[in-house]
1. Within region 1-30, how many residues turn out to be of a type in the set (Gly, Ala, Ser), closer than 29 Å to Lys91 by Cβ and either assigned to a loop (DSSP other than H, G, I, E, B) or modelled with pLDDT of 90 or more (or both)?
2. Identify all residues within region 41-74 that are assigned to a strand (DSSP E or B), buried (at least 17 other Cβ atoms within 10 Å of the Cβ) and touching a residue at least 24 places away in the same chain (Cβ under 8 Å); write none if there are none.
3. Across region 60-77, which residue is modelled with the lowest pLDDT among those that are in contact with a strand residue (DSSP E or B) (Cβ under 9 Å, 6 or more places away or on another chain) and closer than 14 Å to Asp33 by Cβ?
4. Only one of (1) modelled with pLDDT under 75; (2) over 19 Å from the mean Cα position of the chain (by Cα); (3) loosely packed, with under 10 Cβ neighbours inside 10 Å fails for Trp86. Which number is that?
5. Suppose we filter region 38-89 for residues that are more than 24 Å from Leu24 (Cβ to Cβ) and of a type in the set (Phe, Trp, Tyr); how many remain?
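The values are calculated or read from the model by the stated rules, or taken from the named source; none is laboratory data. The shown structure was predicted, so the numbers you read here are calculated from the model rather than taken from an experiment. Every residue, glycine among them, receives a Cβ derived from its backbone with ideal geometry; neighbour counts consider all protein chains shown.
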Amino acid sequence: MSIMNEVFVWWDGQTLGTRMQTMLSGKKVGSDDIGNTYYLSKKNTKRWVVYKGSNDASKIPSEWHSWLHYSTDEIPVFNYSKKYIWQKKHKKNMTGTSESYHPIGSLRNKKSNNIIKSYESWKP
């Protein structure tokens, strides 16, 4: 990312202010499998994340989310939480894209167009 983007574009990675704060008062505590990097202030008063790519909070895994929001003080390690067979890999928020979730009955759900109604619509 160029210096001009860091000054003017806050939604596509860290800004110049975040880079300066990270260099001066930040201590790297870890990163996740997506590539996000997590920092703690040297005085242990602030926690923050530098996203890999665009800034999207839904890219933060649950282990790191609880650490960022002070729900736990334990820094997540690669195998920190037990993973079960039925657990899915973390997926970012797909709202506003063609891959977003549309429940049965939604006008955007193509599969629900052929559903037989169990009621009769009111006609004035």
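1. The total comes to 2.
2. Val50
3. Val77
4. Only one criterion in (1) modelled with pLDDT under 75; (2) over 19 Å from the mean Cα position of the chain (by Cα); (3) loosely packed, with under 10 Cβ neighbours inside 10 Å is unmet by Trp86, namely (1).
5. Looking only at that region, the number is 4.
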